[in-house]
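Note sheet for the following structure.
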Amino acid sequence: MGKNLKILIALAVISISGLFMNSFTAYAQDFSDISSMLPEGKTAEFYITQAESIQQYNQLLHKLGVESENSFRSQAAAGKAKYDDCFGGAYLNENGELVVLLTSDTAENRKRIREYTGNPGIITESCKFSYNELTEVIGTINSHLDELLERGADLGSMYRDVMNNCVVIKVRDLNEYKEAEIRKVVDSGCMVIRNTDEEIEYQSGRTSDTKGGHEIINTSTSGTATLGFGAVRNGVKGYVTASHFCRSIGQQVSYDGTVIGTVKQSGYYPNSYADAAFIESNGAMNPTSAFMGGYYCTAASTTEYPQNTSILMYGKVSGLQSGTIYYYDYTYVPLNKEYITVTDHVAAKYKSAQGDSGAPVFIYTGWNNGRHTCTLIGTHTASTFHAYDEANSVFCKYGNIVRMLNVTAITE
């Protein structure tokens with residue numbers, strides 16, 4: 001991008017009070033060659049396209065009958081998804097353009113998608129299974145998860161892979177018996193059952209990992225992690241981080257040697273949908289909207305983004321890392337029973353390390369008044385290794401954090 005190039009920057013600002021009630025603001029600004037400052041070396045034009053695609057995706061879901069993520073998630077958990085059966089999901093291609101999958105890729109359905117998204121050039125692809133079916137399979141297995149484990153099915157993880165139009169179920173030491181037990185619960189052609197030696201690593205660390213800045217320390221356990229974001233709960237300011245770092249109510253947390261608050265609520269329990277905890281501030285420091293690296297949180301979003309959306313994570317060990325969303329509806333059953341099973345998380349591709357747990361995960365939205373702005377979408381939970389595919393990190397969705405902790409992120 002040349003110097004003094006005038007570019008129209010589009011910002012998708014998604015209200016946390018309503019999933020698909022977007023305000024889409026555009027503004028023009030002169031740049032003095034900021035291309036080297038953009039995440040991943042991507043251009044401003046890419047982020048404009050991605051923001052437009054996200055807005056189109058939200059409009060599409062709204063038109064397909066989903067009024068809010070919370071109502072959809074509760075129905076999905078019960079195996080009662082609520083989308084038009086022609087819809088197979090959507091993802092972003094390498095240019096940030098929205099690609100919509102259709103089980104019936106007819107001229108009539110393509111016309112509907114163009115109208116719903118407001119994009120006459122929307123890209124569509126054919127698929128076999130509806131988004132409803134993928135989500136129903138996930139919800140049914142999750143509702144029978146404890147029963148399956150008791151019968152020795154030994155699930156490792158599970159997720160919805162929109163781009164490949166399937167539900168992937170990973171089983172440790174897979175054999176015919178284990179697969180049969182799973183198919184007794186639900187048997188769909190969209191299910192891909194694989195053997196796995198995958199394990200995830202929850203990423204709170206020890207004090208020897210200290211790097212300062214983003215680091216926080218649990219004074220009860222000496223464990224370290226990353227501060228996620230400033231938040232307000234029941235009118236009181238505080239902080240959000242990972243619950244596997246702050247497992248117990250009453251534990252105290254310090255920041256740069258100063259105790260900043262006490263854990264008031266934690267989502268650390270079996271089959272938790274939110275690996276998140278709230279630390280109530282004691283006033284020693286002021287929770288803000290700022291993230292490390294010069295990023296400022298101007299919005300927090302409960303929306304479900306298309307697969308392959310470009311995202312960022314800033315951990316106290318790894319610093320700024322870029323990547324993409326891989327899979328939603330991610331369930332993980334840890335081999336190490338010290339840890340809990342988590343459901344309804346997100347698998348992503350970005351590098352992370354021990355000590356990054358709790359880190360903010362966000363979407364870059366633009367350059368405004370001399371600084372980078374972003375939309376918060378969750379907090380980092382863990383990394384995966386020995387994985388079949390390239391997804392190597394897991395994060396907790398902001399919408400689930402809101403439901404679990406009754407918090408609102410501090411934004412500008």
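Remarks
- None of Asn164, Asn195, Asn175 is touching a Lys or Arg at 6+ places or on another chain (Cβ under 8 Å) and free of Cβ contacts under 8 Å to residues at least 40 places away in the same chain except Asn195.
- The listed residue being in contact with a Phe, Trp or Tyr (Cβ under 6 Å, 6 or more places away or on another chain), of a type in the set (Gly, Ala, Ser) and closer than 23 Å to Cys190 by Cα, out of Ser157, Ser130: Ser157
- Filtering the stretch 117-132 to residues that are buried (at least 19 other Cβ atoms within 10 Å of the Cβ), free of Cβ contacts under 8 Å to residues at least 60 places away in the same chain and of a type outside the set (S, T, N, Q) leaves Cys127, Tyr131.
- Of the residues Gly238, Gly257, Gly250, the single one that is modelled with pLDDT under 90, over 19 Å from the mean Cα position of the chain (by Cα) and among the small types (Gly, Ala, Ser) is Gly257.
- Residues in the stretch 285-319 that are over 16 Å from Val361 (Cβ atoms) and out of contact with any Phe, Trp or Tyr (no Cβ under 8 Å at 6 or more places or on another chain) were compared, and the one that is most open to solvent (accessible area, probe 1.4 Å) is Asn286.
- Of all residues in the stretch 219-244 being among the hydrophobic types (A, V, I, L, M, F, W, C) and in contact with a Phe, Trp or Tyr (Cβ under 8 Å, 6 or more places away or on another chain), the one that is most open to solvent (accessible area, probe 1.4 Å): Leu227
- Residue ID - surrounded by the most Cβ atoms within 10 Å (Cβ to Cβ), chosen from residues in the stretch 168-193 that are within 22 Å of Pro270 (Cβ to Cβ) and among the hydrophobic types (A, V, I, L, M, F, W, C): Ile169
- Selection within the stretch 149-186 - within 20 Å of His345 (Cα to Cα) and aliphatic (A, V, I, L, M): Leu149, Leu155, Met158, Val162, Met163, Val167, Val168, Ile169, Val171
The values are calculated or read from the model by the stated rules, or taken from the named source; none is laboratory data. Since the model is a prediction, treat every value here as computed from it, not as a measurement. Ideal geometry is used to build each Cβ from the backbone, glycine not excepted, and the neighbour counts take in all protein chains shown. What goes into the accessible areas is simple: the full protein's heavy atoms, side chains included, and nothing from ligands, DNA or RNA. Shrake-Rupley method; radii C 1.70, N 1.55, O 1.52, S 1.80 Å.
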